[in-house]
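As structure tokens, the structure follows; a few thoughts come after it.
The values are calculated or read from the model by the stated rules, or taken from the named source; none is laboratory data. Computed from a predicted model, the values in this text were never measured in an experiment. Here the Cβ is made from the backbone with ideal geometry for all residues, glycine too, and neighbour counts use every protein chain on show.
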Amino acid sequence: MVDVSQHELVPEHTVLEEEALEEVLAEYDIDRTDLPKIKTNDPALPEEAEVGDVIEIVRDSRTTDQAVVYRLVIE
């Protein structure tokens, strides 16, 4: 079976630590539930991701070198 998460076109997905999450939420003045969602069955999610975790996704960008987005893991 192919591990999709290791494909070169899949951006880096990491579980955000609680301390870093608090900084992000404060910066954007939002709650965790206001974040866009990602399902637990998404093949790009790290193995350790659980429902309620926030995932940081770092994508390559032509204009800013890297674009960072956040997703809340849901069922």
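Brief remarks follow.
- Filter pass, Val54 being in contact with a helix residue (DSSP H, G or I) (Cβ under 6 Å, 6 or more places away or on another chain) and among the hydrophobic types (A, V, I, L, M, F, W, C): yes
- Any chance Glu18 is touching a helix residue (DSSP H, G or I) at 6+ places or on another chain (Cβ under 9 Å), exposed (fewer than 13 other Cβ atoms within 10 Å of the Cβ) and either of a type in the set (Phe, Trp, Tyr) or without any contact (Cβ under 8 Å) to a residue 12 or more places away in the chain (or both): no
- All of Thr33, Thr63 fail the test of being of a type in the set (Ser, Thr, Tyr), modelled with pLDDT of 90 or more and on the phi < 0 side of the Ramachandran plot, apart from Thr33.
- Condition met for Ala67 (in a loop (DSSP other than H, G, I, E, B) and of a type outside the set (Lys, Arg)): no
- Of all residues in the stretch 11-31, those being in a helix (DSSP H, G or I) and hydroxyl-bearing (Ser, Thr, Tyr) number 1.
- The condition (being surrounded by 11 or more Cβ atoms within 10 Å (Cβ to Cβ) and in contact (Cβ under 8 Å) with a residue 12 or more places away in the chain) is satisfied by just one residue among Val24, Val51: Val24.
- Residues of the stretch 32-61 that turn out to be in a strand (DSSP E or B), within 20 Å of Ala20 (Cβ to Cβ) and of a type outside the set (Lys, Arg), as a count: 6
- Residue match in the stretch 55-67 (condition: of a type in the set (A, V, I, L, M, F, W, C), closer than 16 Å to Val10 by Cβ and over 10 Å from the mean Cα position of the chain (by Cα)): yes
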